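Below is one structure; the comments refer to it alone.
Just so you know, all these numbers are worked out from the coordinates, no wet-lab data involved. These numbers come from a predicted model, not from an experiment. So basically every Cβ, Gly included, is an ideal-geometry build from the backbone, and we count neighbours across all protein chains shown.
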Amino acid sequence: MRVATWNINSVRTREARVRDFLSRSDVDVLCLQETKCTDAQFPDFSDTGYEQAHHGLGSFNGVAVLSRVGIDEVTTDFGQPGFDKDPAAPQEQEARALGVTCGGVRVWSLYVPNGREISDRHYTYKLDFLDALASYAEQEHRPTVVTGDFNITPTDDDVWDPSFFVGKTHVTPRERAALRHLEDAGLTEATAPLHGRYSYWDYQAMRFQRGQGIRIDLQYCRGITPADDPEPWVDVDERRGKGASDHAPVIVAYAPVEG
C-alpha cells in the first residue's frame with residue numbers, strides 16, 4: 001500500500017494539482033493537511049476513483065484522506081487537546097486530526113500545531129498534542145500509519161542551516177523529544193531514510209530555488225512495514241511551477257499486512 005502525505009496549503013486553490021498527482025502517482029492513500037476549508041467547501045474527488053473524508057472548520061487548518069482501498073471508521077479525535085489564544089476561553093479542538101481505516105490499516109492525517117514561538121502558549125499546545133498522540137499510539141495495536149505535517153525536524157541533518165533556527169521552534173530539544181516519545185510508544189518513523197532531504201521550502205527568499213528547506217512531513221507506522229523497494233521518496237516536482245504548495249508530497253510504500 002502506497003501512502004502519501006502532503007500539506008496542500010489550500011485544497012481549493014490546488015485542486016488541479018491534487019487531481020494530477022492522483023492520476024500519476026499510483027498512491028493508494030493520500031493524506032492532506034492545511035486544506036483551509038469547511039467540509040462543504042472541500043472539492044469532490046469521487047470521479048478519480050478515490051473515496052474521501054475531510055475534517056475542516058473554516059479557513060485555517062483542515063485535514064483529509066483520499067483512498068482507493070476504502071474508508072471506514074472515521075474519527076477526528078485521538079484524545080488531543082484543544083486551543084484558544086485566550087487561556088480563559090474554552091479550548092476547543094481544531095481541525096488537525098482525521099483517522100480512518102483504509103484496507104485494514106488505521107491511517108491518520110495530522111496537522112501538528114506550529115508552535116509559533118517558544119514563549120507562546122501554542123508551543124505548549126504543540127507538545128501536549130504530541131503527548132496525547134503518544135498516549136493514543138500506546139493503546140492502538142492495529143496496523144497503523146500516522147502521517148502529516150509534524151512541524152518538527154527530527155535532526156539537524158533535516159535543516160538547511162541549523163544556525164538559522166537557533167532560538168526558534170521546529171528544532172528544539174523538547175520538540176524532538178516528543179518525536180522520540182512517539183517511537184517509545186511503539187511507532188517507527190517510516191520516512192527516516194529521507195534524512196537530509198527536504199519536504200518544505202518557504203516561499204520567501206527563494207528558499208526552494210536555493211535548496212534551503214527542512215524536513216517536517218513525516219510518516220510513522222506500527223504493525224505494518226515499509227517496503228524495501230521503492231524506498232520513501234519526496235515528489236519534489238510538486239514544489240515546482242506556478243501555484244505550488246510550499247510542501248511536497250512524501251510517499252512511502254508499505255508491505256502488505258499479513259493475515
message: So the check is Cβ under 7 Å with 6+ separation or different chains; which pairs have a first residue in the range 141-155 that's at positive phi and a second one that's polar (S, T, N, Q)?
response: Gly148/Thr5; Gly148/Gln33; Gly148/Ser109; Asn151/Asn114
query: Under 8 Å by Cβ, and 6 or more places apart or on different chains, what pairs join a residue from the range 187-214 that is basic (Lys, Arg) with one that is assigned to a strand (DSSP E or B)?
result: Arg197/Val234
- prompt: In the range 140-173, what count of residues is obtained for those that are within 19 Å of Trp201 (Cβ to Cβ) and part of a loop (DSSP other than H, G, I, E, B)?
  reply: 12
query: Would you call Arg174 surrounded by 15 or more Cβ atoms within 10 Å (Cβ to Cβ), in contact (Cβ under 8 Å) with a residue 12 or more places away in the chain, of a type in the set (Lys, Arg) and more than 24 Å from Ser23 (Cα to Cα)?
result: yes
message: Residue under question is Leu182, and the condition is that it be assigned to a strand (DSSP E or B) and in contact with a helix residue (DSSP H, G or I) (Cβ under 9 Å, 6 or more places away or on another chain); does it hold?
response: no
- prompt: When the range 86-130 is examined, which residues are found to be over 20 Å from Thr153 (Cβ atoms), in contact (Cβ under 8 Å) with a residue 24 or more places away in the chain, assigned to a loop (DSSP other than H, G, I, E, B) and within 19 Å of the chain's Cα centre (by Cα)?
  reply: Glu94, Ala95
field: Qualifying positions in the range 19-44 - among the hydrophobic types (A, V, I, L, M, F, W, C) and either surrounded by fewer than 19 Cβ atoms within 10 Å (Cβ to Cβ) or farther than 19 Å from Val107 by Cα (or both)
entry: Phe21, Leu22, Cys37, Ala40, Phe42
